[in-house]
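Report on the following structure.
The values are calculated or read from the model by the stated rules, or taken from the named source; none is laboratory data. All of these numbers come straight from a predicted model, not from anything done at the bench. Cβ placement follows ideal geometry from the backbone for every residue including glycine, while neighbour counts extend to all protein chains displayed. Heads up: the accessible areas ignore ligands, DNA and RNA and are worked out on the full protein's heavy atoms, side chains in. Shrake-Rupley method; radii C 1.70, N 1.55, O 1.52, S 1.80 Å.
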Amino acid sequence: MKKTLLIIITIVASLALVGYVLTKNKAANKAKTDIVAEKNAAVSVKVAQVKTENVSLDFVANGNFAPTQELNFSAEKSGKVISVLVDEGDYVKVGQTLVIVRSDVINVNAQTAKAAYENAKSDYARYENAFQTGGVTKQQLDQAKLQLTNAQSNLTQANINVGDTKVKAPIKGFVNKRYIEPGSILTGMPATQMFEIVDVSKLKLKVTVNESQVASLKIGNTVDVTSSVFPDKVAKGKIIFIAPKADESLNFPVEIEITNSANSDIKAGMYGTATFATSQKQDLKVVPRNAFVGSVSSNQIFVVENGVAKLKKVTAGRILGDQVEIINGLSDGETVIVTGQINLQDGNAVEIIK
């Protein structure tokens, strides 16, 4: 009996000891896990300091290239297309024949109009001679002259219609779209669209600038222009338009014209950048452009306070290359986050990396 009791006591003590050890190990592992989790919760970021600098007021603006001249070319007359002489991508000159329209009926009408004109011309000559001798009245002569005038007008219109059977290019440029094929029926009302012609020998870069920037710009100013596809090729552009009124975002549209390369390397619709040189400097509070969350227009920046990211609302001013003027919301010496914002929320712990 005593032996059995001793065995039971030994087993219970062993189980208690095992439970104690397991509980202690679990607490230690949890402590280690909490430390790792706390360390891993910190988001790695790079930072920069807010500071006032004597910076150049040169600025850049981005936009898209547009052709200086483009035309959606539609039919003026009705008729059946006999042949189309150009295709998409072809370069055409002013006056070049693009389409030939069925002309047999039109030619017959022109011949009839010419015959009527010759007959009216002969009649008028006879009436004029007869009037000299008193053979016809002045009223009859005037009537013959009116018939001659009408016949001449009909002949002129008939000749125009003959000319319209050869549809010619009204502008130079590339055929960007072709909408017709041989056998297509053209109508004047509503007009059948035939071609889209685009002239890219000159392009205009359309950008927008804010009110402080537009004040320094004038029509005719020279601007350096680059395209996203050829960033190393700088073209000299000229300001040809400055909007007298701001758009809905309170910015002012500006257009800069450039001459394209001989090979028309820059295409309409490509992305471009204009660099406006002002030769002026000013002491401004600035931060790197990539400090803004999303884009400069968001006016939101993360700052680091005691190892924690705080989202601040700021008022951005001019964009000056890679820097942006801060009008309100930040003070010199504050630390702003320039990379890693995509992983941040207000209040997240951060780890600053070099």
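Of note:
- Check on residue 165, crowded, with 17+ Cβ neighbours inside 10 Å and under 30 Å from residue 114 (Cβ atoms): yes
For (1) at negative phi; (2) at pLDDT 90 or above; (3) in contact with a Ser or Thr (Cβ under 9 Å, 6 or more places away or on another chain), each residue gets a yes or a no:
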{"position": "158", "(1), (2), (3)": "yes, no, yes"}
{"position": "166", "(1), (2), (3)": "yes, no, yes"}
{"position": "169", "(1), (2), (3)": "yes, yes, yes"}
{"position": "172", "(1), (2), (3)": "yes, yes, yes"}
{"position": "176", "(1), (2), (3)": "yes, yes, no"}
{"position": "187", "(1), (2), (3)": "yes, no, yes"}
{"position": "197", "(1), (2), (3)": "yes, yes, no"}
{"position": "219", "(1), (2), (3)": "yes, yes, no"}
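- Residue check, residue 317 open to solvent by less than 40 Å² (accessible area, probe 1.4 Å) and within 25 Å of residue 63 (Cα to Cα): yes
- Number of the condition not met by residue 27 [criteria: (1) at pLDDT 85 or above; (2) assigned to a helix (DSSP H, G or I)]: (1)
- Per this entry, residue 334 is not counted among residues that are among the acidic types (Asp, Glu) and closer than 29 Å to residue 273 by Cα.
- Looking across region 220-240, the residues that are farther than 29 Å from residue 326 by Cα and not basic (Lys, Arg) come down to 220, 229, 230, 232, 234, 235, 237, 240.
- Residue under evaluation residue 216, criteria (1) more than 30 Å from residue 324 (Cα to Cα); (2) in contact (Cβ under 8 Å) with a residue 60 or more places away in the chain; (3) open to solvent by 20 Å² or more (accessible area, probe 1.4 Å); (4) over 19 Å from the mean Cα position of the chain (by Cα), criterion not met: (1)
- Residues in region 48-83 that are β-branched (Val, Ile, Thr) and either surrounded by fewer than 17 Cβ atoms within 10 Å (Cβ to Cβ) or in contact with a Phe, Trp or Tyr (Cβ under 9 Å, 6 or more places away or on another chain) (or both): 52, 60, 82.
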